[in-house]
Amino acid sequence: MRLTYILVLFGLMAQPTFGQVMEEVEPPENIKSIVFKGPTEDQFPVIQLGEPITLEFDDLLANEQDYYYKIFHCDYDWTPSQLLKSQYLDGADNQRIIDYENSYTTLQPYSNYRLTIPNQNVRLRVSGNYVLEVYNSYGDLQFSRRFVVYRNVVNVSGVVKRSRDFNFINTKQVVQFTINTAGFNVVNPKREIKVAIIQNHQWPTALYNIPPQFTIGTELVYRYNEETSFFGGNEYLNFDTKDLRSPTFAISKIEMREVYHHYLFTNQYRFDQEYTYFPDINGDFVVRTMQGEDVSREAEYSKVHFSLPYSNLIGLDDVYVIGKFNNYALSEENKMTFNEESGKFEVTLPIKQGFYNYKYVVQREDGTLEPNLVSGNFHFTENNYLILVYYRDFGEMYDSIIGIGSVNSQNISN
């Protein structure tokens, strides 16, 4: 009886606090290469109800420790919804991740873990915002990731235009779109419908709480300028380490020590240069290797060396290397340090073989983030925008997602 009480108490303590925004938690340094995606290649799970999602990650400790997962349903603002687990899950979470294997013939040993949902233990019952949390055997939260489940019952179409504000005409992009609710009964759209607009699958810069500008029949029209605008940024930098021994265009030299070391060419400031189109994958990464067939456990980890010249533009501010590979987090690990001998900001990161996008961001001494200070802002930049349509009828206990739309700035117009 006492053991049962303790387990129940632990379960209650592990629940999120109602009203608290569930942010994504970043992992400790031993957990790397978190790949989280649905049926598409984008590592940003946006799935229809019933479609599978897959989580994969490596533990560099390579001791086959146990990991467990929990699933939480959230409202539009990413606070926990009022639903009980039995109302949004069939089955039970808090299960051990049983699909794992150790790396094979790699210089850096690691354990590779894989989880697919739905599985024999649990499946999702409703649409909406979700958070997947991963715990170790001691009940300590290791990391968490957001994902989105939708029903396709309304149609979303849109375009990307240049800003009409002359102060930002060359630096900003504006997302304009319509939501057609034909066949779906919406009585009070300004109260029942909410939207979120996400640039390149990055939650921190998402726009919320934008009401429809006006309605035409069954169409909700969003033709704003300032309210739905984003800075264009620039194309991401990239490198490819799929062949450990062969330097690509971005790699200046390769050294072999305890593991391979890949030295990237020193990058330059691009904010004052002309925009140049260079295809990227909008910050994402793809694990791949030419040294084996099983990418998940035969791809090697190497030490990748990044460098950026010192500039008075940055001064004493902090510079970070970010991308989807570290979930755009500003951590001590990816913070650059100034090397007096070379006169450059430098950082070395352990990264699994593959193709990676990355960029440099600057955090001012007052905490202000300058995401495009190094790379610059251009309205020409190719960006992807995801539009999520949320719905809550009068008396319902949660926000569902009834449709999504995707637009790209490649064909931007005035």
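The values are calculated or read from the model by the stated rules, or taken from the named source; none is laboratory data. Computed from a prediction, not measured in an experiment: that's the story for all the values here. Note that each Cβ is placed from the backbone with ideal geometry, even for glycine, and that neighbours are counted across all protein chains shown. In case anyone asks, the SASA skips ligands and DNA or RNA and just uses the protein heavy atoms, side chains included. Shrake-Rupley method; radii C 1.70, N 1.55, O 1.52, S 1.80 Å.
Quick notes on this one:
- Applying the set (1) assigned to a loop (DSSP other than H, G, I, E, B); (2) of a type outside the set (A, V, I, L, M, F, W, C); (3) farther than 30 Å from Phe184 by Cβ to Ser144 leaves exactly one unmet item: (1).
- Ser144 vs. criteria buried (at least 18 other Cβ atoms within 10 Å of the Cβ), modelled with pLDDT of 95 or more and of a type in the set (S, T, N, Q): yes
- Strands (runs of 3 or more DSSP E) fully within the stretch 188-249 that include at least 1 residues being open to solvent by 10 Å² or more (accessible area, probe 1.4 Å) and touching a Ser or Thr at 6+ places or on another chain (Cβ under 6 Å): 193-199, 219-222, 229-231, 237-240.
- Restricting the stretch 255-269 to residues that are out of contact with any strand residue (DSSP E or B) (no Cβ under 6 Å at 6 or more places or on another chain) and open to solvent by 50 Å² or more (accessible area, probe 1.4 Å), the residue that is farthest from Ile351 (Cα to Cα) is Gln268.
- Residue check for Pro27: of a type outside the set (Val, Ile, Thr), over 20 Å from Glu101 (Cα atoms) and not in a strand (DSSP E or B): no
- Options Ser342, Ser331: the member that is open to solvent by 30 Å² or more (accessible area, probe 1.4 Å), within 18 Å of the chain's Cα centre (by Cα) and farther than 25 Å from Lys242 by Cβ: Ser331
- Flag for Leu83 being in contact (Cβ under 8 Å) with a residue 60 or more places away in the chain, farther than 29 Å from Leu386 by Cα and open to solvent by 20 Å² or more (accessible area, probe 1.4 Å): no
- Cβ pairs under 6 Å, 6+ apart, first in the stretch 365-378 and under 13 Å from Glu274 (Cα atoms), second part of a loop (DSSP other than H, G, I, E, B) and open to solvent by 30 Å² or more (accessible area, probe 1.4 Å): Ser375/Arg270; Gly376/Arg270; Gly376/Phe271; Asn377/Thr171; Phe378/Tyr275
- Selection from the stretch 158-170 of residues that are open to solvent by 60 Å² or more (accessible area, probe 1.4 Å) and either among the hydroxyl-bearing types (Ser, Thr, Tyr) or without any contact (Cβ under 8 Å) to a residue 24 or more places away in the chain (or both): Phe166, Asn167
Per-residue answers, yes or no, for (1) of a type in the set (Asp, Glu); (2) open to solvent by 10 Å² or more (accessible area, probe 1.4 Å); (3) farther than 21 Å from Asn180 by Cβ; (4) over 22 Å from the mean Cα position of the chain (by Cα):
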{"residue": "Gln363", "(1), (2), (3), (4)": "no, yes, yes, no"}
{"residue": "Gly367", "(1), (2), (3), (4)": "no, yes, yes, no"}
{"residue": "Gly376", "(1), (2), (3), (4)": "no, no, yes, no"}
{"residue": "Thr381", "(1), (2), (3), (4)": "no, no, yes, no"}
{"residue": "Asn384", "(1), (2), (3), (4)": "no, yes, yes, no"}
{"residue": "Asp399", "(1), (2), (3), (4)": "yes, yes, no, no"}
{"residue": "Gly403", "(1), (2), (3), (4)": "no, no, no, no"}
{"residue": "Ile412", "(1), (2), (3), (4)": "no, yes, yes, yes"}
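- Considered as a group, the residues in the stretch 47-80 that are in a strand (DSSP E or B) and open to solvent by 30 Å² or more (accessible area, probe 1.4 Å) include one that is farthest from Glu23 (Cα to Cα), and that residue is Gln48.
- Qualifying residue in the stretch 271-279 (condition: crowded, with 19+ Cβ neighbours inside 10 Å and within 21 Å of Asn377 (Cα to Cα)): no
- Where Leu308 falls short, out of the listed (1) over 25 Å from Gln202 (Cα atoms); (2) aliphatic (A, V, I, L, M); (3) touching a Lys or Arg at 6+ places or on another chain (Cβ under 7 Å): (1)
- Selection from the stretch 286-313 of residues that are surrounded by fewer than 18 Cβ atoms within 10 Å (Cβ to Cβ) and among the small types (Gly, Ala, Ser): Gly292, Ser311
- Across the stretch 108-122, the number of residues qualifying as within 18 Å of Lys37 (Cβ to Cβ) and open to solvent by 20 Å² or more (accessible area, probe 1.4 Å) comes to 4.
- Test: Glu101 is closer than 30 Å to Glu258 by Cβ and either open to solvent by 10 Å² or more (accessible area, probe 1.4 Å) or small (Gly, Ala, Ser) (or both): yes
- Conditions (1) polar (S, T, N, Q); (2) open to solvent by 60 Å² or more (accessible area, probe 1.4 Å); (3) on the phi > 0 side of the Ramachandran plot; number of the one not met by Asn282: (2)
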